[in-house]
Amino acid sequence: MAITLPQIIQKYVDSSNRHDVQSILSCFSDDAVVHDEAETLHGKKTIEDWITKTIAKYKFHFNPLSIKQDAAEIVVEVEVSGTFDGSPVILGYHFVVAGDKVLSLAIG
């Protein structure tokens, strides 16, 4: 069953599946924060480096499974496959969005 995601999150998923670094990066605000693999990344340059390294390391593909939304965040459950042990895994992608930008993303 296909799920309907907010436009900016759909863009993030589609861009990620194309491994389009600049398109993924354009989803984030200038002062965005990403939490992934016990790291906290601040700002677009650091996030761009993370995107590039993550694509090279995991060659991931996203399949969104479900979405939950409250006042503070949007949580998308995603099946992530790629070149890593245990692939595929299901992870929660916790987005805070304002307008058409991602302010923060926590993956886990």
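A few comments on the model shown:
- Rg ratio for the chain: its Cα radius of gyration over 2.2 N^0.38 Å, N being its residue count, equals 0.98.
- Averaging the Cα positions of each part gives two centres, and for region 91-108 and region 1-33 these lie 10 Å apart.
- 17 Å Cα-Cα reach of residue 101 towards lysines, excluding residues that sit fewer than 8 places from it in its own chain: 11, 44, 45
- Report summary: the helix-based calculation at 222 nm, which adds -39500 (n - 2.57) for every DSSP H run with n ≥ 4 and divides by the residues of the chain, gives -8500 deg cm²/dmol.
- Residues with amide H under 5 Å from that of residue 32, placed H, sequence gap 5 or more: 43, 44
- Ranked by how many other Cβ atoms sit within 10 Å of their own Cβ, fewest first, the residues 48, 39 fall in the order 39, 48.
- Only one residue of 29, 96, 58 has its Cα farthest out toward the positive end of the dipole of the chain, where Lys and Arg carry +1 and Asp and Glu -1 on Cβ, and that residue is 58.
- Region 87-101 - phi-based ³J(HN,Hα) in whole Hz, Karplus 6.51/-1.76/1.60, Gly and Pro as x: 5, x, 10, 10, 10, x, 9, 9, 9, 10, 10, 9, x, 10, 9
- Here the relative contact order of the chain, from alpha carbon pairs under 8 Å that lie six or more residues apart, stands at 25 percent.
- Per-residue ³J(HN,Hα) for region 43-57, Karplus 6.51 cos²θ - 1.76 cosθ + 1.60, θ = phi - 60°, Hz, x for Gly and Pro: x, 5, 5, 5, 5, 4, 4, 4, 4, 4, 5, 5, 4, 5, 6
- Region 14-55: mean projected area of Cα convex hull, nm²: 2.7
Readers should treat all values here as calculations from the given coordinates under stated rules, not as data from a laboratory. All of these numbers come straight from a predicted model, not from anything done at the bench. Cβ coordinates were reconstructed from backbone atoms using ideal geometry, including for glycine residues, and neighbour counts include every protein chain displayed.
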